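Visitor: Before I ask anything, here is the structure I am working with.
The values are calculated or read from the model by the stated rules, or taken from the named source; none is laboratory data. Computed from a predicted model, the values in this text were never measured in an experiment. All Cβ positions, even for glycine, are placed from backbone atoms using ideal geometry, and neighbour counts span all protein chains on display.
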Amino acid sequence: MKKYVAECIGTATLVVLGCGTAMLVGCDAASGSGYLLTALAFGLTIVAMAYSIGNISGCHINPAVSLGVLLSGGMEVSEFVAYVISQCLGAFAGAGILALIFNLGGVEDKTGGFGSNGLAGVGGNPVAGLIVEIVLTFIFVIAILGVTSKKASHGSFGGLVIGLTLVVVHILGIGLTGTSVNPARSFGPALVAAFTGNSAPIAALWVFIVGPLVGAALAAFVYKALED
């Protein structure tokens, strides 16, 4: 049970710090600093969580990562399901915390949807959005599988490598889809946005569930083939 609680806390922290930064600084094309700050917020949160809950749950805090681990033989199906539930609950809690902070404090949400993902950067085209999410998640998950492999020689720097990888995929992806690569991270803010009257993120949510899961599955199969 402790590892499921850790996954819930870790995912909530990722949403609060990552999506919260995006809400505060904005991520429009005219504000390059907003891109970098948001990318760093997501990546550095992963670094912090990797070194705090990594020894408890492995610090997946992402259903796509858990799927990659499952397909690589690193966990059982029942454990995978429990991880995903914990992660989604954590993401919803994190988005709820942001709603309280921004609404009670009268702070403007510059994303308009609690940092939820969208398809505006790809002209509203769901196929383009799927491609973006599949490619970016593939890169992210294959890096994680490599760093956490028993054959890896990164020592205690694994968490840093994973965090920096998340930073770089965000630098490209923010302007396209807002960068999900994490179905739970997309689910929480979209659901809270829907509760507050903005249903647009929910309509596109399937892209940010399917894309990352497909990308993670491809990463697992490719990495296993290369490693073997």
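Visitor: Given 118, 113, 96, which one is surrounded by 19 or more Cβ atoms within 10 Å (Cβ to Cβ), touching a residue at least 60 places away in the same chain (Cβ under 8 Å) and part of a helix (DSSP H, G or I)?
Guide: Just one listed residue meets the conditions, 96.
Visitor: Of the conditions (1) surrounded by fewer than 19 Cβ atoms within 10 Å (Cβ to Cβ); (2) part of a loop (DSSP other than H, G, I, E, B), residue 127 fails just one. Which one is it?
Guide: Just one mismatch for residue 127, condition (2).
Visitor: For the list (1) hydrophobic (A, V, I, L, M, F, W, C); (2) under 22 Å from residue 216 (Cβ atoms); (3) within 16 Å of the chain's Cα centre (by Cα), I need the number of the one condition that residue 56 fails.
Guide: Just one mismatch for residue 56, condition (3).
Visitor: Please report, ordered by residue number, the helices (runs of 4 or more DSSP H) entirely within region 133-228 with at least 3 residues that are over 26 Å from residue 36 (Cβ atoms).
Guide: 183-195, 207-227
Visitor: Give region 126-170 a look and list any residue that's modelled with pLDDT under 95, among the hydroxyl-bearing types (Ser, Thr, Tyr) and within 17 Å of residue 47 (Cβ to Cβ), or say none.
Guide: 148, 156 - these are the residues of region 126-170 that are modelled with pLDDT under 95, among the hydroxyl-bearing types (Ser, Thr, Tyr) and within 17 Å of residue 47 (Cβ to Cβ).
Yes/no per residue for (1) modelled with pLDDT of 95 or more; (2) assigned to a helix (DSSP H, G or I); (3) within 21 Å of residue 214 (Cβ to Cβ):
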site	(1), (2), (3)
4	yes, yes, no
11	yes, yes, yes
47	yes, yes, no
51	no, yes, no
65	yes, yes, yes
69	yes, yes, yes
73	no, no, yes
80	yes, yes, yes
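Visitor: Enumerate the pairs (first residue in region 69-81 and farther than 13 Å from residue 148 by Cβ; second residue anywhere and among the polar types (S, T, N, Q)) with beta-carbon separation below 7 Å, excluding pairs fewer than 6 apart on the same chain, so at least 6 apart or on different chains.
Guide: 80/66
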